[in-house]
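Inspection log for the structure reproduced underneath, given as structure tokens.
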Amino acid sequence: MEKGVKALVVIFVVTLFIAVFGSVIAMERFGGFRALTGAWGESSTVTYGATNLTITSNLRINFSDDTVNFGSGYLCAGCASARLGTDGTNDTSCNCGWNIPNGLLLENIGNRYARVNLSNTAQVGSFPGGANAEYSWQWNNESAVTCTGANVMNLTGNQTAKSNLTAPILSPGLVLCEKLNYSENDNAVNISFWVTIVSTSPVESKNDTWTAVAVDNS
């Protein structure tokens, strides 16, 4: 091989060595070959992991006890009327067959404060009907903080005393609770009912539908 060619080969080898050595030095500055392959080089002294959780809004109310079924019955012989109540009161001497059920239980089972409107479809004239009949109701909170807010409970007069339903509460209803709590043991409203059946009450099946609507009030 001629001297000129040998010199060129030597220069090429030296140049290649310098280039490779320079690349290694550069890569070491940026984390070694791990930066290129993820499989070689010194590990960092700090590393990170993460956990993530999202809680979504849930506005939800529910009649957990949703049926007040007095069942079937009639006035016992010699009786002009019989009074039944979901609080356990019962005219036993004149009640021939009717049940004494529980009232309605309305709960906030979501995770938002709710303003609750309540409406119904019947009144004492149709449930049970007849002169001097009764269809009355009352409610009470589960605790002192179940209902809060500016108006607390708007259906005045019914929270502490029975009120006869002389007319239906038409949709969109009246505010039952301005701000119904969602905390466990503080999220329920009990609704009680009393019915007095009289001798002039029509012989037919009676029913009423109660509707509760919630609006976010958090």
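FYI, it's all coordinate maths here, none of it is from the lab. Since we're looking at a predicted model, the values are computed, not measured. Neighbour counts run over all protein chains shown; Cβ positions are idealised from the backbone, glycine included.
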> By the scheme Lys and Arg +1, Asp and Glu -1, what is the net charge of all other residues having a beta-carbon under 13 Å from that of Arg83?
Replying inline: -2
>> Using Cβ counts within 10 Å as a stand-in for footprinting exposure, how do Val145, Val46, Val195, Val189 rank, fewest first?
In response: Val46, Val145, Val195, Val189
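Would you mind ranking Tyr48, Tyr113 so that the residue whose beta carbon has the fewest other beta carbons within 10 Å leads the list?
On the way: Tyr48 5, Tyr113 23.
Taking fewest neighbouring Cβ atoms as first place, the list is Tyr48, Tyr113.
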>> How large is the translational diffusion coefficient of the stretch 61-216 in µm² per second when you combine the Kirkwood radius over alpha carbon pairs with Stokes-Einstein at 4 °C and 1.567 mPa s?
In response: 80 µm²/s
> What distance in nm separates the simple spin-label points at Val213 and Ala50, each placed 7 Å from Cα in the Cβ direction?
Replying inline: 4.2 nm
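Most exposed first by the Cβ proxy, i.e. fewest other Cβ within 10 Å, how do Lys206, Lys179 rank?
Details: Lys206 15, Lys179 19.
By the 10 Å Cβ count, ascending: Lys206, Lys179.
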>> If each residue of separation counts as 0.36 nm, what is the full-extension length gain between Ala144 and Ala167 once their alpha-carbon separation is subtracted?
In response: 5.3 nm
> So what is the orientation-averaged projected area of the stretch 59-151, using the convex hull of its C-alpha atoms, in nm²?
Replying inline: 7.7 nm²
